[in-house]
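One structure is given here, and the rest of the page talks about it.
The values are calculated or read from the model by the stated rules, or taken from the named source; none is laboratory data. Model, not experiment: these values are computed from the prediction. Glycine also receives a Cβ, built like all others from the backbone with ideal geometry; neighbour counts cover every protein chain displayed. Protein only, heavy atoms only, side chains kept; ligands, DNA and RNA dropped before computing areas. Shrake-Rupley method; radii C 1.70, N 1.55, O 1.52, S 1.80 Å.
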Amino acid sequence: MKITLKVWRQAEGEAQGSMETYQLDSVAEEMSFLEMLDMLNEQLTAQDIEPVAFDSDCREGICGMCGIVINGSPHGRYESPVPTTTCQLHMRNFHDGDVVEIEPWRAGAFPVIKDLVVDRTALDRIVAAGGYISVNTGSAPEAHSTPAPKLQADRAFDAATCIGCGACVAACPNGSGMLFTSAKVTHLANLPQGQPERRRRVKAMIAAHDANGFGGCQNIGECASVCPKQIPLESIAQLNRDLIASLFRADGKSA
Amino acid sequence: MASTTLSVHQKALRSTVVKKAVMAVTGLVLIAFLLMHMFGNLKIFIGPEAYNDYAEFLKQDLLAPILPHGWFIWIFRAVLLVCLVLHVYCAIVLWLASVEGRGKTKYVRKNRKEQTISSRVMRWGGITLFLLLVFHIMMFTTGTITPGWSGGLIEPYDMFMGAFSNWWVVLIYVVFMVVVCMHVRHGFWSAFTTLGANVGAQARVVLNVLAYFAAALLLVGFLLPPVAVLFGMVN
Ligand code: HEM
Ligand code: FES
């Protein structure tokens with residue numbers, strides 16, 4: 001099929017970019033969206049045009065590297081019948097003659113590095129502030145010695161499926177990273193191993209979230225609707241409960 | 001203000017989540033007030049006496065003799081004012097954070113599915129609401145604007161009948177109440193979610209149904225008396 005692509009081009013180090021139009025004549029419907037971009041890049045290289053820079057790694061929906069806004073929705077969520085990452089979106093969801101607009105994640109916390117590639121280390125800084133548990137190294141403890149109730153274990157597992165792609169931030173009218181942060185908080189708050197640092201964690205992660213240029217949450221729900229891993233909106237309520245509760249309880253001398 | 005010496009606890013206290021919680025609590029207090037106010041206004045249908053007595057009772061006697069006569073209304077006003085100031089202060093600070101959060105470059109194409117109109121006009125709607133609130137207070141509380149009567153403050157019933165016999169005052173109130181209705185529609189759900197009540201998919205449905213109910217109740221309840229007065233159905 002024929003596809004007209006409008007792609008955001010922004011040179012490295014530039015603050016501004018623009019949409020450029022390219023034509024692809026023989027896109028197969030079995031192609032993934034990224035394979036279609038590979039095809040574009042081969043064509044551009046042959047024409048001596050700089051290829052389009054985009055992120056990808058696993059191409060099987062588990063690493064969180066890929067991520068572009070397709071026709072106005074992160075990961076092309078609204079082109080796809082199921083929640084998806086860009087790498088798992090296939091061209092069968094498009095039609096012959098379609099015009100497809102491609103842009104990078106746009107958020108204050110995610111500066112564009114080049115074309116469709118953005119810097120998402122702000123998410124890493126939120127995790128570094130508290131998205132972990134502290135354990136001494138050594139032999140792994142016997143797993144059965146700390147039973148985790150089934151319901152909480154399931155919640156923790158669901159939240160832990162977050163791949164940190166940043167689609168929630170890209171979709172949010174406030175550029176808020178609350179769904180991401182709440183997934184990490186929910187994950188650890190529901191496990192026995194997460195309890196000792198639970199209060200300090202939520203405080204530190206929110207502090208890092210706010211300090212890294214993300215906006216506040218307005219409970220609009222765009223984030224959860226584009227999440228490839230379907231992290232539910234109620235994770236944010238869990239974060240809010242934990243944060244508010246943490247303010248009223250002492251937590252070590254330094255907290 | 002952004003000092004590097006703040007402890008984690010202090011930073012958390014100043015976080016967007018806490019500002020949202022302040023907005024939620026103050027917003028819910030304001031909604032509770034609106035519901036009460038709306039219910040009180042319906043007494044216009046009973047007659048001048050009932051309405052004026054009720055207004056008088058609010059001003060002088062509520063909580064008497066615990067409070068001396070005339071005190072209640074001032075405490076009440078102070079509480080509402082504090083709520084409004086905190087609410088608007090947090091709204092402005094969060095608005096600025098959002099502008100930074102969105103970044104400088106806008107999407108060429110946006111395709112948003114989940115958002116409701118109400119949720120996206122909270123800020124401009126809030127500003128409109130505030131301006132109309134000022135108009136409302138200048139009319140019925142301070143007697144600065146007196147459409148349909150003259151000489152500042154008179155009996156509440158007469159002010160009510162006078163004001164709403166003007167079609168344009170009723171029109172302004174229709175706009176006012178639509179704005180309030182939309183603000184409460186998203187605000188009610190958002191406030192409970194901010195306070196942690198959105199515990200699952202079902203809770204989300206329940207909170208949203210309640211939000212629609214509260215918003216519709218305010219819209220209808222507040223607009224019935226003015227419209228009835230305009231069409232001469234109150235006498
Ligand atoms: C009688 C007056 C008002 C009532 C009853 C009211 C009620 C509420 C409630 C319950 C919320 C939800 C809080 C939350 O998100 O957790 C809210 C949010 C909000 N209000 Fe108000 N409010 C009033 C006046 C105003 C005014 C004057 C402004 C002016 C700027 C304003 C701006 C906002 C904004 C920006 C939000 C955040 C929206 C969101 O979180 O989605 N409000 N309001
Ligand atoms: S490339 Fe790994 S999730 Fe898409």
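Listed by position, the helices (runs of 4 or more DSSP H) enclosed by the stretch B:1-72 that each have at least 2 residues that are open to solvent by 40 Å² or more (accessible area, probe 1.4 Å), closer than 19 Å to B:P226 by Cβ and more than 14 Å from every other protein chain (Cβ to nearest Cβ) are B:16-41, B:48-60. On inspection, B:V88 passes the criterion of being under 29 Å from B:L217 (Cα atoms) and either in contact with a Pro (Cβ under 6 Å, 6 or more places away or on another chain) or more than 16 Å from ligand 2 (Cβ to nearest atom) (or both).
What about B:I145, is it open to solvent by less than 60 Å² (accessible area, probe 1.4 Å) and more than 30 Å from A:A211 (Cβ to Cβ)?
On the way: open to solvent by less than 60 Å² (accessible area, probe 1.4 Å): yes; more than 30 Å from A:A211 (Cβ to Cβ): yes.
Spelling it out, B:I145 is indeed open to solvent by less than 60 Å² (accessible area, probe 1.4 Å) and more than 30 Å from A:A211 (Cβ to Cβ).
Considered as a group, the residues in the stretch B:158-199 that are open to solvent by 10 Å² or more (accessible area, probe 1.4 Å) and not in a helix (DSSP H, G or I) include one that is farthest from the other protein chains (Cβ to nearest Cβ), and that residue is B:S165. Return yes or no: is A:P74 in contact with a Gly (Cβ under 9 Å, 6 or more places away or on another chain) and not small (G, A, S)? So A:P74 fits the description; yes.
Close contacts from the stretch A:25-48, counting a first residue that is within 18 Å of A:M91 (Cα to Cα) and a second that is crowded, with 16+ Cβ neighbours inside 10 Å and basic (K, R), with Cβ to Cβ under 8 Å and a gap of 6+ residues or different chains, come to A:S32/A:R59; A:L34/A:R59.
With respect to A:M36, determine if the residue is under 25 Å from A:R120 (Cα atoms) and within 14 Å of chain B (Cβ to nearest Cβ). No; evaluated as a whole, the condition is false for this residue.
Yes or no, residue by residue, for (1) out of contact with any Lys or Arg (no Cβ under 9 Å at 6 or more places or on another chain); (2) among the aromatic types (F, W, Y); (3) surrounded by 20 or more Cβ atoms within 10 Å (Cβ to Cβ):
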site: A:D98; (1), (2), (3): no, no, no
site: A:A109; (1), (2), (3): no, no, yes
site: A:R125; (1), (2), (3): yes, no, no
site: A:A128; (1), (2), (3): yes, no, no
site: A:G131; (1), (2), (3): no, no, yes
site: A:N136; (1), (2), (3): yes, no, no
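Taking into account only those residues within the stretch A:214-232 that are open to solvent by 10 Å² or more (accessible area, probe 1.4 Å) and within 8 Å of chain B (Cβ to nearest Cβ), which is farthest from B:W95 (Cα to Cα)? Before you say what the answer is, go through the steps one by one.
Taking the stretch A:214-232 and keeping what is open to solvent by 10 Å² or more (accessible area, probe 1.4 Å), we get A:217-218, A:220, A:223-225, A:227-230, A:232.
Imposing the further condition that a residue be within 8 Å of chain B (Cβ to nearest Cβ) reduces the set to A:217-218, A:220, A:224-225, A:232.
Numbers: A:C217: 11, A:Q218: 10, A:I220: 15, A:A224: 21, A:S225: 23, A:P232: 25 Å.
Among those that are open to solvent by 10 Å² or more (accessible area, probe 1.4 Å) and within 8 Å of chain B (Cβ to nearest Cβ), it is A:P232.
Filtered by the rule that a residue be open to solvent by less than 10 Å² (accessible area, probe 1.4 Å), within 14 Å of chain B (Cβ to nearest Cβ) and not in a loop (DSSP other than H, G, I, E, B), the stretch A:40-90 gives A:V69, A:I70, A:S73, A:P74.
The residue list B:S98, B:S118 contains one member that is touching a residue at least 24 places away in the same chain (Cβ under 8 Å) and closer than 24 Å to A:C227 by Cα, which is B:S118.
Which helices (runs of 4 or more DSSP H) does the stretch A:137-254 wholly contain that include 2 or more residues that are touching a residue at least 40 places away in the same chain (Cβ under 8 Å) and in contact with a His (Cβ under 8 Å, 6 or more places away or on another chain)? Before you say what the answer is, go through the steps one by one.
On the way: elements: A:150-160, A:167-171, A:178-189, A:198-211, A:222-226, A:234-247.
Counting at least 2 such residues, we get A:178-189.
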